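To start, the structure itself, in structure tokens.
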Amino acid sequence: MASITMLENNPDAMISPEVLVPKLGEQLVNMGLLTSDQLQQALRYQHQSQKSGVTLLLGQAIMEMGFLDRATLDRAVTEQIVRLRAALEDANHNLEMRVQQRTLELEEALRRLSEYNLLKANFVANVSHELRTPLTHIRGYLDLLYTESLGDINPDQKKALGVSLQASLRLQSLIDDLIFFSQVSRGQMIVDICPVNLGKLAENILGPLKTRAEAHQLTMQVNIEPNMPYVQADEEKISWVITQLLDNAVKFTEPGGLITLKINRDPGAINLINISVTDTGIGISQDKIKDIFEPFHQLDGSATRRYGGTGLGLTLALQIIEAHGSVISVKSELHVGTTISFPLLIKEV
Ligand SMILES: Nc1ncnc2c1ncn2[C@@H]1O[C@H](COP(=O)(O)OP(=O)(O)OP(=O)(O)O)[C@@H](O)[C@H]1O
Ligand SMILES: [Mg+2]
């Protein structure tokens, strides 16, 4: 009776072999060591003992009733454990096989997904290039007509040509964005870092944006610290990012609102210049802020959406800023406004 003891008195008894073996009674019957009738008697005896407050293991009940001796019971239990172990090993093996199989399937799915992504990027790039060629001709001839290089035109014709030119410019910038996006998707974004004068850069991009802001009855405020040092940046791409941020600010702000472009030294880091665009527009709720950087994601996804665009601006802006080793921050409150900012590294002298 050494290993089969009262559970109440000895908690270690919980790990006796018999406890680990489920359905010992049935097993003993199957092995022909016990009759069904004897098993029922032993179970009843065990039950009665439990009722009178004594916890008895089935093996102990069988022995106390004299149906089996200790050695036979131990042998039966050991045999049961060996079988159980074999079954466990089998189950483990099967599980490992299934995990391996699933891993292979997932790897294959991932490979196919990457392939589709590349195909998609290639497709977007090819279509965009195909669109760009005829568009260049259309723009060229519209330009010639508009500047009257091909003959005189009347004011109505000039107006119509002006509108067509604007539309073709918009189309071209859309196609350029798509080409840029497909390049980024193929991991082909290269930034050409040079010393950049941000004051001059802002001057160059602000003209058309100010006109747009005025057309939307918005006030555009430009707040650029004087005598700023040069920063390390890809001038063309950073111009593009600031243009996108201002374009969004104009687009998502109601008439009468204020848009501020601020470029100043970072008060917390002497080697950084901060660039921020603030608007008093519709704002973005906190839970949606991370979504705005997803490709083609627009918060107003309805079919009757009020604001144009493809939803690529911020995706590409983020990629550009990250390629500069920097980060974009967004602060926004619904119906109050939004500030999107990023720092750039000052060029050391
Ligand atoms: N200043 C802002 N105020 C409110 N919502 C904004 C602002 N900027 C971006 N968003 C939200 O984030 C979405 C994604 O912006 P993003 O610039 O990437 O795309 P888009 O402006 O819709 O299209 P695209 O820039 O390609 O012309 C916008 O559709 C809008 O829902
Ligand atoms: Mg945009």
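The values are calculated or read from the model by the stated rules, or taken from the named source; none is laboratory data. Because the structure is predicted, anything quoted here is derived from the model rather than measured. Quick reminder, even Gly has a Cβ in these numbers, built from the backbone with ideal geometry, and neighbours come from all protein chains shown. To get the accessible areas, we keep the full protein, side chains included, count just its heavy atoms, and leave off ligands, DNA and RNA. Shrake-Rupley method; radii C 1.70, N 1.55, O 1.52, S 1.80 Å.
When the C-alpha to C-alpha distance is required to be over 29 Å, the pairs from Lys158/Lys210; Lys120/Lys159; Lys251/Lys288 that qualify are Lys120/Lys159.
Rounded to the nearest 0.05, the FRET efficiency derived from the C-beta distance between Gln40 and Arg102 at R0 = 56 Å is 0.75. Ligands, DNA and RNA are left out, and with a 1.4 angstrom probe the accessible area of the stretch 194-345 is 51 Å² per residue.
Which sequence of His137, His129 reflects their accessible areas, 1.4 Å probe, from the largest down?
Values: His137 115, His129 85 Å².
These residues rank, largest area first, as His137, His129.
Accessible surface of Glu236, taken over heavy atoms with a 1.4 Å probe and every protein chain present, rounds to 150 Å².
Using the Karplus relation 6.51 cos²θ - 1.76 cosθ + 1.60 with θ = phi - 60°, the per-residue 3J(HN,Hα) values for the stretch 74-81 come to 4, 4, 5, 5, 4, 4, 4, 5 Hz, with x marking Gly and Pro. Within the same chain, lysines fewer than 8 places from Lys23 are excluded, and of the rest, those with a Cα less than 29 Å from its Cα are Lys51. Cβ-Cβ distance of His297 and Ala87, R₀ of 45 Å, FRET efficiency by 1/(1 + (r/R0)^6): the value works out to about 0.30. Short-range pairs are left out: with C-alpha atoms under 8 Å and at least six residues apart, the relative contact order of the chain is 12 percent. Rounded to the nearest 500, the 222 nm mean residue ellipticity of the chain from helices alone is -18500 deg cm²/dmol, with -39,500 (n - 2.57) taken per DSSP H run of at least 4 residues.
Let's test the formula: R0 of 56 Å, r as the Cβ-Cβ distance of Asn117 and Ser49. What FRET efficiency results, to the nearest 0.05? Write down the numbers at each step before the final one.
On the way: r = 68 Å, r/R0 = 1.22.
The pair Asn117/Ser49 has a calculated efficiency of 0.25.
Among rounded, prolate and oblate, which fits the stretch 116-185 when a ≥ b ≥ c are the square roots of the eigenvalues of its C-alpha gyration tensor, a/c under 1.5 means rounded, and a/b larger than b/c means prolate? Prolate shape, in that a/c is at least 1.5 and a/b is the bigger ratio. Remark: accessible surface ordering of Ile292, Ile190, Ile282 (largest first) is Ile190, Ile282, Ile292, probe radius 1.4 Å.
Only protein heavy atoms count here; on that basis, with a 1.4 Å probe, Leu334 has an accessible area of about 80 Å². Counting only residues at least eight positions apart within a chain, or on another chain, the lysines with an alpha carbon under 22 Å from that of Lys347 are Lys200, Lys237, Lys262. Using only the alpha-carbon atoms, how far is helix 155-185 inclined from the longest principal axis of the chain? Give it as 0 to 90 degrees, nearest 10. So the helix axis and the longest Cα principal axis differ by about 30 degrees. For the chain, the carbon plus sulfur part of the accessible surface works out to 56%, probe radius 1.4 Å.
For the stretch 159-227, what class follows from the C-alpha gyration tensor (a ≥ b ≥ c being the square roots of its eigenvalues): rounded when a/c is under 1.5, otherwise prolate if a/b is larger than b/c, else oblate? Since a/c reaches 1.5 but b/c is at least a/b, the shape of the stretch 159-227 is classed as oblate.
Spatial offset of the stretch 209-262 relative to the stretch 66-132 amounts to 54 Å, using the alpha carbon center of each.
Using heavy-atom solvent-accessible surface (probe 1.4 Å) with all chains present, what is the largest-first order of Val163, Val196?
Numbers: Val163 95, Val196 0 Å².
Ranked from most to least accessible, the order is Val163, Val196.
Where nothing but the Cβ of Lys and Arg (+1) and of Asp and Glu (-1) is charged, how large is the charge dipole of the stretch 195-349 around its Cα centre, in debye to the nearest 20? Spell out each step's value before the answer.
Numbers: 13 positive and 17 negative charges, 36 e Å.
The calculated dipole for the stretch 195-349 is roughly 180 debye.
Solvent-accessible area of Asp247, all protein chains in place: 40 Å² (probe radius 1.4 Å, heavy atoms, ligands and nucleic acids excluded). Candidate cross-link partners of Lys290 among the aspartates and glutamates, defined by an alpha-carbon separation under 12 Å and a same-chain spacing of 8 or more, are absent.
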